[in-house]
Ligand code: NAD
């Protein structure tokens, strides 16, 4: 399908690098194998080499086991081999060096690579912090120009951050080309770093860990350290010591060692002696099942540093800090900054040390403070980076670092539309927001949805509010949307997800009041809205990412086209609350699979959610040709383009006749239920029977039904299940606990 770009949406600078289709990953350890999987997930062909072909194959097998691939068959795109034979580099567009973190070993390999360098080939290293320019010192001018650091974080599929580190001799075109490739094709968040030891995230992140480890040595407990260095400071629950366990104490010691060796402020990276003692005893963290913490049965225990024995974890009394955890980050850090009690002072001293270190060394790490903040958000999942924290605190402290005092007259590092440039020593405009909805016109709004129109006559129905649930007002807005003189419509969800589904609270309320007429009206309205989208006079396209469940999935199944983020979690999950898809979900599955519903039946009955968009496609939720993008930010733009492309000469959809299997199909479903009887509860069997009735078109011969006839069956079974106390108990349970009830 050829789609003309919408004005302003897709004007891209011309290509600066030849397209990357084939990759050679050198080193098949923890990172190399996973980077190979990431590239295969993006559709690239990969040669994965290690010291021997067996080691490479073992790395590939580990990546498969750790679910680094979206689908197991994607591993077929990765070809293991030995580093003895580098001829695959001759076919590659990009070489990723990911061997052991040892400068000499890396230099030796790059020397061998030199003879394979040709125009257009990019060579990158995944080093965690060794010098980029130093690595290619003495190599050909071509290799120096085409070489840079492209530093993935572990695990590369999940971690958003990629640090991009050009060396002094790297061609700026290569850096820019790789930025675009890593963002657009691999879907990562790129931060540009300067070529200094450990770059940004590891330097600051390990500084913070080392600082807290030394405070632990000064007389605090494991539990206390983690209680004050997690969410209280805007960091994940893994805080300090759980994170150390996750990284592994051997790796931590290695990265801290590099910092001590290469950075003048080596004392900042000194680790207390108990780290060495723990390593000697094999207490490395999660990889050895014990580190600062260990699981004893179902009890969590923490290490006592005095005795090196484990003791049951006791909750920490945080005193005044307790109430802080519910406050916005700014209030939390301001309170911590001035706290004087024992644990408050611990948190405050640590925060001051981290923010001071960031400010004192910022200019060595990046051209601007934004890169540093972004690296800490993406690389260590901090809620805010150090300079955002300085701003939240109001740049306090008489003895604040020079940089902070320099910025103080302007008030903040971030001003509206501007950010402080370390290079230039003043605030500079920030690059504009590329939000395609920024210049839209509002056509209608409710609490849970807004209807916008962008240039070119394309409407966007944006689901919003708590989990973007779909309620009666949303359905009314759908009807208003399809009545507009638009060229196309895109469905989109705010906040990283499409929609968690229909407003379950509303359904629970109707059930509790035994308002069956009200429930029937709601369900009919839902079905009508979905049919209005399906038969709209213009193409409707769903832009999908994150959770796309229940009614949300039904919205997207009904429309003309879909564009999905690769990490899509899509499912017709109604059975988990004792229901069946009642707003066209069953009908759409019948439209896709006809009488062959045996594969679909278990997926719907188990209420399964896809692990990614490729799996969703296997289940029929996405069409074979519909785009799956690793770059989540591009999903909306691509959907707008698809709608605009389809709008040309658009013929509205015609109602279909749907093949159903009748009694023979029902028998097959009942056999499945009988075969799985030992894992199914009595109510699962009842839901299964209702689902089978709809998917098979009830008893009778195999035949065709109209879409409306299948919708009527859906409604009948849905309403019947709503009357069941077991279904009501499931709905109440999930609303109260967020977890499904097995009854
Ligand atoms: P690893 O030890 O798991 O794998 C390294 C691989 O290199 C092994 O398979 C080994 O067989 C091979 N190798 C060893 N010596 C070699 C030599 N002399 N020549 C060629 N190959 C050799 O290491 P890893 O964790 O995958 O790290 C690889 C690179 O990625 C390192 O530069 C590391 O600093 C970096 N890195 C690691 C992480 C992480 O969390 N593990 C994160 C980001 C970056």
For residue 199, indicate whether it is over 30 Å from the mean Cα position of the chain (by Cα), under 30 Å from residue 334 (Cα atoms) and within 16 Å of the ligand (Cβ to nearest atom). no
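Return a yes/no flag: does the stretch 479-488 have any residue that is in a strand (DSSP E or B) and either at pLDDT 95 or above or more than 24 Å from residue 633 (Cβ to Cβ) (or both). First the steps, then the outcome.
Pass one, the stretch 479-488, residues in a strand (DSSP E or B): 488.
Filter again for either at pLDDT 95 or above or more than 24 Å from residue 633 (Cβ to Cβ) (or both), leaving 488.
Yes, that holds for at least one residue.
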Under the condition of being away from the ligand (no atom under 11 Å from the Cβ) and outside any helix (DSSP H, G or I), which residue from the stretch 31-66 is surrounded by the fewest Cβ atoms within 10 Å (Cβ to Cβ)? 43
Could you grab the pairs with beta carbons closer than 6 Å, sequence gap of 6+ or different chains, first residue in the stretch 390-412 and farther than 19 Å from residue 234 by Cβ, second one outside any loop (DSSP other than H, G, I, E, B)? 401/356; 401/359; 401/360; 403/359; 407/420
Boolean, residue 149 is surrounded by 15 or more Cβ atoms within 10 Å (Cβ to Cβ), modelled with pLDDT of 95 or more and closer than 30 Å to residue 631 by Cβ: yes
Pairs with Cβ under 6 Å, 6+ apart, first in the stretch 108-122 and in the same structural domain as residue 88 (by TED's automatic domain parsing), second in a helix (DSSP H, G or I) and within 16 Å of the ligand (Cβ to nearest atom): 116/89
Across the stretch 14-30, what is the total count of residues that are farther than 20 Å from residue 118 by Cβ and within 16 Å of the ligand (Cβ to nearest atom)? 4
Hey, among 702, 643, which residue is outside the structural domain of residue 590 (by TED's automatic domain parsing), touching a strand residue (DSSP E or B) at 6+ places or on another chain (Cβ under 9 Å), touching a residue at least 12 places away in the same chain (Cβ under 8 Å) and farther than 25 Å from residue 521 by Cα? 643
Go through the residues of the stretch 230-240 one by one and say whether even a single one is crowded, with 19+ Cβ neighbours inside 10 Å, within 14 Å of residue 293 (Cα to Cα) and touching a helix residue (DSSP H, G or I) at 6+ places or on another chain (Cβ under 7 Å). yes
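Please note which helices (runs of 4 or more DSSP H) are completely contained in the stretch 345-438 and include at least 1 residues that are within 29 Å of the chain's Cα centre (by Cα) and buried (at least 16 other Cβ atoms within 10 Å of the Cβ). Full working, then the answer.
Working: elements: 369-380, 386-393, 402-407.
Where helices (runs of 4 or more DSSP H) fall fully within the stretch 345-438 and carry at least 1 residues being within 29 Å of the chain's Cα centre (by Cα) and buried (at least 16 other Cβ atoms within 10 Å of the Cβ), they are 369-380, 386-393.
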Under the condition of being out of contact with any helix residue (DSSP H, G or I) (no Cβ under 8 Å at 6 or more places or on another chain) and crowded, with 24+ Cβ neighbours inside 10 Å, which residue from the stretch 535-559 is nearest to residue 480 (Cα to Cα)? 556
Write out, first by first residue and then by second, each pair whose Cβ atoms fall under 7 Å of each other, whose residues are 6+ apart or on separate chains, and whose first residue, in the stretch 250-267, is within 18 Å of residue 285 (Cα to Cα) and touching a residue at least 40 places away in the same chain (Cβ under 8 Å) while the second is within 16 Å of the ligand (Cβ to nearest atom) and part of a helix (DSSP H, G or I). 252/209; 252/244; 255/202; 255/206; 256/206; 256/269
Any residue in the stretch 209-229 that is at pLDDT 95 or above, within 16 Å of the ligand (Cβ to nearest atom) and not in a loop (DSSP other than H, G, I, E, B)? yes
Keeping to the stretch 445-460, report how many residues are free of Cβ contacts under 8 Å to residues at least 60 places away in the same chain, under 25 Å from residue 500 (Cβ atoms) and not in a loop (DSSP other than H, G, I, E, B). 7
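The values are calculated or read from the model by the stated rules, or taken from the named source; none is laboratory data. Only a predicted model underlies this, so the values are computations on that prediction, with no experimental measurement involved. Here Cβ is always computed from backbone atoms with ideal geometry, including for glycine, and neighbour counts include all displayed protein chains.
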